[in-house]
Amino acid sequence: MGEFDTSLHSPPPFVTRCVAGRGFHFHCEFRGTNMEPEMEDKTLELMNISVMDSQTADRSPKITVIKPTFICPQVSNGPLTGSRKRPSEGNYEKEKDVCIQLFDQWSEADQVEFVEHLISRMCHYQHGHINSYLKPMLQRDFITALPAQGLDHIAENILSFLDARSLCSAELVCKEWQRVISEGMLWKKLIERMVRTDPLWKGLSERHQWEKYLFKNRTTEVPPNSYYRSLYPKIIQDIETIEANWRCGRHNLQRIQCRSENSKGVYCLQYDDEKIISGLRDNSIKIWDKQTLECLKILTGHTGSVLCLQYDERVIVTGSSDSTVRVWDVNSGEVLNTLIHHNEAVLHLRFCNGLMVTCSKDRSIAVWDMASPTDISLRRVLVGHRAAVNVVDFDDKYIVSASGDRTIKVWSTSTCEFVRTLNGHKRGIACLQYRDRLVVSGSSDNTIRLWDIECGACLRVLEGHEELVRCIRFDNKRIVSGAYDGKIKVWDLQAALDPRAPASTLCLRTLVEHSGRVFRLQFDEFQIISSSHDDTILIWDFLNVLTNGQTEGRSPSRTYTYISR
């Protein structure tokens with residue numbers, strides 16, 4: 001490029017500088033005091049650049065600017081080339097053999113320390129050579145290696161954490177992996193894990209009879225792994241069909257006619273796989289066979305309409321417009337206890353783990369300790385609502401109540417102290433469910449609201465019903481509501497909790513079969529069971545849907561009418 005002379009300073013010693021700039025070096029040479037020839041050669045070698053000869057005899061400092069040169073070190077698996085040549089092949093081989101002999105005599109710790117020293121003296125691209133060499137040495141097929149050491153159970157346990165897609169891929173790795181999966185019955189274990197954790201899988205296992213092949217050890221007679229391997233995609237297909245049926249409203253409908261001379265409505269119900277227990281306006285409790293739809297038993301004793309009920313494996317507890325709470329033996333139908341406390345109709349009740357909460361038209365909430373069906377004592381009365389308390393729910397942390405005064409109140413379960421009020425509904429609240437942090441309520445303002453119980457915030461308002469929302473239930477996927485407009489609506493819960501989801505996408509399906517007000521409903525993964533002012537109980541079956549005029553595993557839709565004698 002050119003030379004620039006200066007005589008402002010005394011001549012400096014020989015200095016070489018290299019500036020890295022995107023893959024090229026700038027070489028600047030200051031000529032001053034002479035450097036040892038041997039040192040100069042080594043310096044230039046390390047810089048991997050060539051030295052320009054200068055024919056200028058002047059000892060004054062000069063700067064020579066060389067054009068940028070792109071330097072790309074060659075990396076290969078062979079011997080290093082260029083400026084890093086070995087002195088001679090013969091000497092190298094002899095010296096290498098001596099080093100290896102010494103190296104083999106050292107302890108493992110000394111060997112590691114020595115290699116660390118060697119590596120620290122190498123440059124970056126040498127590290128790359130070593131890394132490429134070590135990578136395949138560090139890889140281990142532990143699934144194949146473990147059985148060879150008699151540790152098959154560990155290999156099986158590792159693979160048992162895989163999901164279905166990964167398990168399919170693992171089967172294709174090699175024959176040994178496939179053997180471990182087959183002999184370890186890992187498809188069976190995957191299905192068992194899903195049945196334990198997902199209620200939909202559990203329900204399918206019970207309804208389709210393959211539960212009997214699960215949770216059995218290898219000593220008992222069980223199908224081979226191939227059975228479970230082929231069963232898994234069939235289960236997935238069933239699940240997809242059920243979900244599609246819910247979205248599209250495809251169902252098989254069954255109807256129980258409960259009418260008698262004095263009956264004008266079915267106010268409440270609860271069901272399991274064998275029976276449906278209903279509370280009627282004619283003061284009776286009727287128990288129905290869920291398969292045949294026939295009335296098995298009628299319990300009488302209340303002098304007013306049966307407005308609410310709950311049962312477990314031992315007792316049925318009912319609340320009535322006669323202001324009493326009665327406890328019945330679930331098997332014999334015998335009255336075990338009658339609680340007289342409220343001054344007006346008992347509108348709702350819940351019990352669990354030795355605790356019962358009742359609420360009344362008299363605006364109060366009663367908290368009871370249930371030591372046994374015959375030993376039930378009043379713990380506390382909660383007062384705060386300014387109108388009838390229509391519904392209660394609770395868990396170990398909170399008791400939640402809703403009233404005709406348009407408010408939801410939250411109370412501490414352990415201390416029964418008031419915690420907070422949830423405000424938002426424009427008219428009285430008729431129904432509510434509470435679980436974890438979520439409260440879902442329905443009101444005579446025709447809306448459904450979702451609440452965060454911890455902060456009291458309203459998360460979403462669902463609009464669609466044309467009259468009072470009388471009953472509501474939710475699970476992890478859906479909200480199902482029934483109203484005085486005679487309609488049942490199915491809502492997408494996860495979308496409702498997403499503030500970005502448009503309101504128009506939240507209602508999945510509207511079911512219209514009742515000819516009167518919908519009073520109560522419950523649902524699970526496969527069905528909705530609802531009751532109405534029209535004196536019917538409807539079973540909406542989303543599993544056994546009509547296919548070419550037939551149903552799978554159940555007779556065609558039918559109606560059963562009970563006529564009192």
Query raised in the report: Does any residue of region 494-506 turn out to be assigned by the TED database to the domain that holds Leu432, outside any loop (DSSP other than H, G, I, E, B), open to solvent by 10 Å² or more (accessible area, probe 1.4 Å) and in contact with a Gly (Cβ under 7 Å, 6 or more places away or on another chain)?
Result: no
Report task. Scan region 524-558 residue by residue and report those that are modelled with pLDDT of 55 or more and open to solvent by 30 Å² or more (accessible area, probe 1.4 Å). Result -> Asp524, His533, Leu546, Thr547
Query raised in the report: Based on what the data block shows, is Ala457 assigned by the TED database to the domain that holds Ile537, over 22 Å from Phe542 (Cβ atoms), out of contact with any Lys or Arg (no Cβ under 7 Å at 6 or more places or on another chain) and open to solvent by less than 50 Å² (accessible area, probe 1.4 Å)?
Result: yes
Report summary line: Output for Cβ contacts, cut-off 8 Å, separation at least six or different chains, first residue without any contact (Cβ under 8 Å) to a residue 60 or more places away in the chain and open to solvent by less than 60 Å² (accessible area, probe 1.4 Å) in region 124-153, second in a helix (DSSP H, G or I) and of a type in the set (Phe, Trp, Tyr), reads Ile143/Trp177; Thr144/Trp177
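So that you can scan it fast, the table gives a plain yes or no per residue for (1) open to solvent by less than 70 Å² (accessible area, probe 1.4 Å); (2) hydrophobic (A, V, I, L, M, F, W, C):
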| site | (1), (2) |
| --- | --- |
| Arg193 | no, no |
| Glu206 | yes, no |
| Leu231 | yes, yes |
| Leu253 | yes, yes |
| Ile256 | yes, yes |
Requested in this report: Name every residue in region 484-493 that is over 23 Å from the mean Cα position of the chain (by Cα) and either open to solvent by 10 Å² or more (accessible area, probe 1.4 Å) or under 15 Å from Gln433 (Cα atoms) (or both), in order of residue number.
Outcome: Tyr484, Asp485, Lys487, Lys489
Query - Filter result for Ile479 (in contact (Cβ under 8 Å) with a residue 12 or more places away in the chain, in a strand (DSSP E or B) and within 21 Å of the chain's Cα centre (by Cα)) - result: yes
Requested in this report: Among the numbered conditions (1) open to solvent by 10 Å² or more (accessible area, probe 1.4 Å); (2) under 16 Å from Gly279 (Cα atoms), tell me where Ser377 comes up short.
Outcome: (2)
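Per-residue answers, yes or no, for (1) free of Cβ contacts under 8 Å to residues at least 60 places away in the same chain; (2) more than 20 Å from Tyr434 (Cα to Cα); (3) part of a strand (DSSP E or B); (4) under 37 Å from the mean Cα position of the chain (by Cα):
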{"site": "Glu313", "(1), (2), (3), (4)": "yes, yes, no, yes"}
{"site": "Thr318", "(1), (2), (3), (4)": "yes, yes, yes, yes"}
{"site": "Asp322", "(1), (2), (3), (4)": "yes, yes, no, no"}
{"site": "Trp328", "(1), (2), (3), (4)": "yes, yes, yes, no"}
{"site": "Gly333", "(1), (2), (3), (4)": "yes, yes, no, no"}
{"site": "His342", "(1), (2), (3), (4)": "yes, yes, no, no"}
{"site": "Val367", "(1), (2), (3), (4)": "yes, no, yes, yes"}
{"site": "Met370", "(1), (2), (3), (4)": "yes, yes, yes, yes"}
{"site": "Leu378", "(1), (2), (3), (4)": "yes, yes, yes, no"}
Query raised in the report: Out of all the residues in region 380-420, which are assigned to a strand (DSSP E or B), surrounded by 14 or more Cβ atoms within 10 Å (Cβ to Cβ) and of a type in the set (Val, Ile, Thr)?
Result: Val389, Val391, Val392, Ile399, Val400, Thr407, Ile408, Val410, Val419
Query raised in the report: Any idea which residue in region 162-204 is nearest to the chain's Cα centre (by Cα), counting only those that are within 29 Å of Asp524 (Cβ to Cβ) and among the aromatic types (Phe, Trp, Tyr)?
Result: Trp201
**Report entry** Number of positions in region 346-359 that are surrounded by fewer than 20 Cβ atoms within 10 Å (Cβ to Cβ) and of a type in the set (A, V, I, L, M)
**Finding:** 1
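The values are calculated or read from the model by the stated rules, or taken from the named source; none is laboratory data. This structure is a prediction, so every number in the text was calculated from the model and none was measured. FYI the Cβ positions are ideal-geometry reconstructions off the backbone, even for glycines, and counts take in every protein chain you see. Remember, those area values only see protein heavy atoms, side chains included, never the ligands or the DNA or RNA. Shrake-Rupley method; radii C 1.70, N 1.55, O 1.52, S 1.80 Å.
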